[in-house]
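**Q** What follows is a single structure, and I will ask about it in a moment.
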Amino acid sequence: MSVRLAPTVTPDTQFFWDGLREGRLLIQRCVQCGRLRHPPRPMCPSCNSLAKDAVEASGRGWVYSFVMPQHPPDPFIEGRYVVALVELEEGVRIVSNLRHVDPDDVTIGMAVEVAFETFDGDVVLHQFRPAVLL
């Protein structure tokens, strides 16, 4: 069984973690000006509105940047792994792991798609994998 630390859930991020458990990648949106933002926060940085809702993202995007951490080793991940900053089609960027690809094959601009993985039986996290191009 894979182990990961459970995320810290706040009133501003509850919708995001609930969405992952439902297999949905939700992005916070300002009700007043329509700006999407991630990570979730209480106030819109564009118009200072406190009114917010969420929209479901396509889950498709591309690798904007990435790193392969080496020291100190992560006690929850065996071997080499990739932490990627993914730019979603909707225009927001999100940090996650890039899985199901050899770390040496990862490139900036690589097309990726979201996948949902369950750890410890109840921790659901968004992970990205190379996109299946049709």
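**Q** Find the residue count for segment 119-134, including only residues that are part of a strand (DSSP E or B) and touching a residue at least 40 places away in the same chain (Cβ under 8 Å).
**A** First pass over segment 119-134, keeping only residues part of a strand (DSSP E or B): 119, 123-130.
Those left that are additionally touching a residue at least 40 places away in the same chain (Cβ under 8 Å): 119, 123-126, 128.
Residues that pass the stated criteria total 6.
**Q** On the basis of being exposed (fewer than 13 other Cβ atoms within 10 Å of the Cβ) and out of contact with any Lys or Arg (no Cβ under 8 Å at 6 or more places or on another chain), does Pro45 make the cut? Lay out the reasoning, then the answer.
**A** Details: exposed (fewer than 13 other Cβ atoms within 10 Å of the Cβ): yes; out of contact with any Lys or Arg (no Cβ under 8 Å at 6 or more places or on another chain): no.
Considered against the rule, which asks whether it is exposed (fewer than 13 other Cβ atoms within 10 Å of the Cβ) and out of contact with any Lys or Arg (no Cβ under 8 Å at 6 or more places or on another chain), Pro45 comes out as no.
**Q** Which one of these does Phe76 not meet: (1) assigned to a loop (DSSP other than H, G, I, E, B); (2) among the hydrophobic types (A, V, I, L, M, F, W, C); (3) in the same structural domain as Pro130 (by TED's automatic domain parsing); (4) free of Cβ contacts under 8 Å to residues at least 60 places away in the same chain?
**A** Failing condition for Phe76: (4).
The values are calculated or read from the model by the stated rules, or taken from the named source; none is laboratory data. This one's a predicted model, so the numbers in the text were calculated from it and none came from an experiment. Methodologically, a virtual Cβ is constructed for each residue, glycine included, from the backbone with ideal geometry; neighbour enumeration extends over all protein chains shown.
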